[in-house]
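Here's a structure for you.
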Amino acid sequence: MPHSRNTLIDVPRLLADTTPLRNAYFRRLWTANIVTVIGAQLTVVAVPAQIFAITGSSAYVGLTGIFGLVPLVAFGLWGGALADVLDRRLILMVTTTGLIAASILFWVQAALDLNNVWAILVLFALQQAFFAVNQPTRSAVLPRLLTVEELPAANSLNMTVMQAGAIAGPLIGGALIPVLGYSLLYFVDAVCMLPTLWAVIRLPSLKPQFQGDSQTRRVAGLRSVIDGFVYLAGHKVLLMSFVVDLIAMIFGMPRALFPQIAHESFGGPIDGGFAFSMLFAAMSVGAVLGGVFSGWVSRIDRQGLAVVVCIVIWGVCIAGTGVAVGFAGGTELPMLPIAVLLLMVGGAADMASSAFRQSMLQSAATDEVRGRLQGVFTVVVAGGPRIADVLHGLSAAAVGTAITTAGGGVLTVIGVLVAAALVPAFVRYRISATVAASDAKPVVSTD
């Protein structure tokens, strides 16, 4: 029976744009990452759960913020400088191997039943050091493989896979910790990184592209890092992309409180359980759903405004989660499902915000500084939540988990609106203004 196209929802336009997967190099990296992120998220869940089981304190869990932040800052900035002077394929091979080794050491300490929180924290710092060099390099590679127009879709695809692993990891890990213990989860993490190592080995040589006489920039030292910051300081829109993310993560990321919230507010066991798994997985569930229906992301031109809107939604959802935690046990309403739903919506908003910010950074920067700017991006994206772990842990010890979570969400909304008002150029930023001037030179591949 004939029908009008205007009366139907254009489903293909709503679903994720898979155009970047036509590139064989990106496709191999993306496919391998499906397996790798699941294993990585097992460790993400196991580390705070093991520390809380040993100490019974969210303050100790919050120490992962300090032990993770220091190597993230130091090695993230240095790693970005390395990515601007060395073959990025070689860097990815070395750091991926290092991440595998770190997971094996986690497995050993758990198998030996050391129950030493400081050993866990030191291993966590080692793992974060390798991660801090790996991530800016991996992100700096994308503009060499894909066109500028494909970057938003590619970032959405990557984040969807990462968040899908963040669903499976907590659900599997949180449920299996009381049954199988921690050692098996760490071992699985090590094995799951092997496909990514294979995909990295298959990449072509990816030496940075220098413009003109850039011999003085070929040393990955302090001067190179400083040059990256100087470049960033001269581009207010790029700088603001970091500022608004720090606001969202430092004030609005209560993940360090999830073990305590699950145990005290929702009656879960001290070492994992259903409530713990649901809280940890909720943001990722929302991010995956947002990624699956992210076809609209590639069609957004005013990316700065989109980032502000997404962060406001994130802050409102986190504030609502805090309210739900505060009412847990004091009302007949099912507060756990409400908290989980709010975290899901927040996760979808955060996924879109991150995709836009990453695309802005990749498209607006030249190739010879992309590694250093991606180093800053890695420090901000991964370091912000580490700071949040420390602050939320200390705040919860003083005023409780509900007030800490709700207050952080409110501060997120206020902070991002103030930032947007102070730098209106960020809100006015359009991706179309940078496409014509882009220096991206994708690697052609049809295999």
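What follows draws every value from the coordinates through simple rules; no lab data is involved. Computed from a prediction, not measured in an experiment: that's the story for all the values here. We place every Cβ from the backbone using ideal geometry, glycine too, and count neighbours over all the protein chains shown.
Specify whether the C-alpha gyration tensor of region 36-87 places it in the rounded, prolate or oblate class, a ≥ b ≥ c being the square roots of the eigenvalues: rounded for a/c under 1.5, otherwise prolate if a/b is larger than b/c and oblate if not.
In terms of gyration-tensor shape, oblate.
Something else about it: Using +1 at the C-beta of Lys and Arg and -1 at the C-beta of Asp and Glu, which of Pro71, Ile431, Trp30 has the Cα lying farthest in the positive direction of the dipole of the chain?
Looking along the dipole axis, the top candidate is Ile431.
What residues have an amide H closer than 5 Å to that of Leu146, excluding those fewer than 5 places away on the same chain, when H is modeled at 1.01 Å from N in the peptide plane?
Here the answer is Val443, since their amide H atoms fall under 5 Å of that of Leu146.
Can you give me the span-like helices of the chain, meaning DSSP H runs with 30 Å or more of Cα extent along the axis and Kyte-Doolittle mean at or above 0.5?
Membrane-span-like by this rule: 24-55, 58-83, 88-111, 117-145, 151-180, 303-327, 335-364, 367-399, 401-422.
In nm, to one decimal, how far is the modelled label at Ala101 from the one at Ala119, with both set 7 Å along Cα→Cβ?
In this crude spin-label approximation the distance works out to 1.9 nm.
With n ≥ 4 as the cut-off for DSSP H runs, can you work out [θ] at 222 nm for the chain, using -39500 (n - 2.57) per run divided by the number of residues, rounded to the nearest 500?
Numbers: 17 runs with 330 residues, N = 447.
Helix-only estimate at 222 nm: -25500 deg cm²/dmol.
Next question, about the same structure. Fewest first, what order do Phe67, Phe229 take by the number of other Cβ atoms within 10 Å?
Numbers: Phe67 22, Phe229 14.
The order, fewest Cβ neighbours first, is Phe229, Phe67.
Find the centroid of the Cα atoms in region 116-189 and in region 390-408, then give the distance between the two in whole Å.
Distance between centres, Cα-based: 26 Å.
For the chain, place one equal point scatterer on every Cα, skip the solvent, and apply the Debye formula. What is log10 of I(q)/I(0) at q = 0.06, 0.09, 0.11 Å⁻¹?
After summing over all Cα pairs, the log10 values are -0.24, -0.55, -0.84.
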